[in-house]
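Asks: Mind having a look at this structure? Questions to follow.
Read-outs throughout are calculated quantities, based only on the coordinates presented, and are distinct from any laboratory measurement. This one's a predicted model, so the numbers in the text were calculated from it and none came from an experiment. Please note: Cβ atoms are built from the backbone with ideal geometry, for glycine as well, and neighbour counts cover all protein chains shown.
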Amino acid sequence: MKHWANMEERGVIWGMQLLLKVYLLFGRRVLQVFLYPVVSYYWLINGKARAASIDYLRRVSAFWPAGTIRTERYGSYLHFIAFANAIIDKLAAWSGAISLNDVEYHGRDAIVSHLEHGQGVLILGSHLGNMEVCRVIAKLRKNLTVNVLVHTKHAEKFNALLNRYAESGRMNLVQVTEMNAATAMLLQDKIEAGELVVIAADRIPVTGQGRVAKARFLGATALFPQGPYILASLLKCPVYTLFCLKRLDKQIIYFDHFSDGLNLPRKQRDERVQHYAQSYADRLQHYCQLEPLQWFNFYDFWQDGND
């Protein structure tokens, strides 16, 4: 089975630049004219992504039988269309079209309090909803920098594209194919400078090397990365989860307290990491229930769960 990182879109820099220009010149409706045919074509030709989408929707439907989630092909198509709309929202966030007034926050005061005291915060994100709204988070406080850890090798080019339209605050993409001592030191400096560090906690590491933990998710066992919790133990800072969902055409950001600081004693390390991974999986599961079509993982998430 291919690793998810090998399935990521290629050559997206120029494509995103083009889409962004179309969005800025003509607006959302015109951009949708471009996106929907492309997404429909992609849905038709990409059988693996379509199958993964159907599998996920079946699991959600079985886990919450009282829901009205569409499964099979039509449900999968709606899943892909939701992704197309999320792309437009990404462009809106990049261009500054989404302001603080367009976002509803839950749990923001706790984050602001840490920042006002010069305390940086580690935030566990996901591929549920729209992480690009983190650009709006940068406006929570003047000169705040939000550092998002990514696996793309084009991080510097994305940085230039994103920050070209920044009005206040910055979102900095930090390329981390693997976590090493130098990266940990860099992030420690950012935390000590009172910045936010965001890391996705629902994707296994690119380098593998067994750095994963098993957790129950939607009724079956799946693999989650150990990295976010090991990083949190090194940074010794408050940890929160972040989920940004679009509900009734409004971006809603949920900040939930995860820990005041993670401790991983050597003898209990695996047990503690397992506990934290399960706690995170439970939260991801809860928010997936709110907007199931907004979890954008188009690959077999349970492929190595051995369930």
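Asks: What residues qualify as long-range amide H neighbours of Ala213, i.e. H under 5 Å apart, gap of 5 or more or another chain, H built at 1.01 Å from N?
Replies: Phe224, Gln226
Asks: Which far-off residues, 5 or more places away or on another chain, put their amide H under 5 Å from the one on Glu104, with H placed in the peptide plane?
Replies: Result for Glu104 returns Gln251, Ile252, Ile253.
Asks: Rank the residues Leu124, Leu100 as a footprinting-exposure proxy: fewest other Cβ atoms within 10 Å of their Cβ go first. List each step's numbers first, then the result.
Replies: Numbers: Leu124 26, Leu100 11.
The most exposed by this proxy come first: Leu100, Leu124.
Asks: What residues from segment 230-254 fall in the zone where the backbone N is under 20 Å from a label point 7 Å along the Cα-to-C-beta line of His275?
Replies: Counting backbone N atoms under 20 Å from the label point, the list is 230-241.
Asks: Here's something else I'd like to know. Can you sort Cys237, Cys288 so the residue with the fewest Cβ neighbours within 10 Å comes first? Mind showing how you got there, number by number?
Replies: Numbers: Cys237 21, Cys288 24.
Ordered by Cβ neighbours within 10 Å, fewest first: Cys237, Cys288.
Asks: Taking H placed 1.01 Å from N in the peptide plane, check which residues at least 5 places from Ala201 or on another chain put their amide H under 5 Å from its amide H.
Replies: Under 5 Å from the amide H of Ala201 lie the amide H atoms of Gly125, Ser126, each far enough along the sequence or on another chain.
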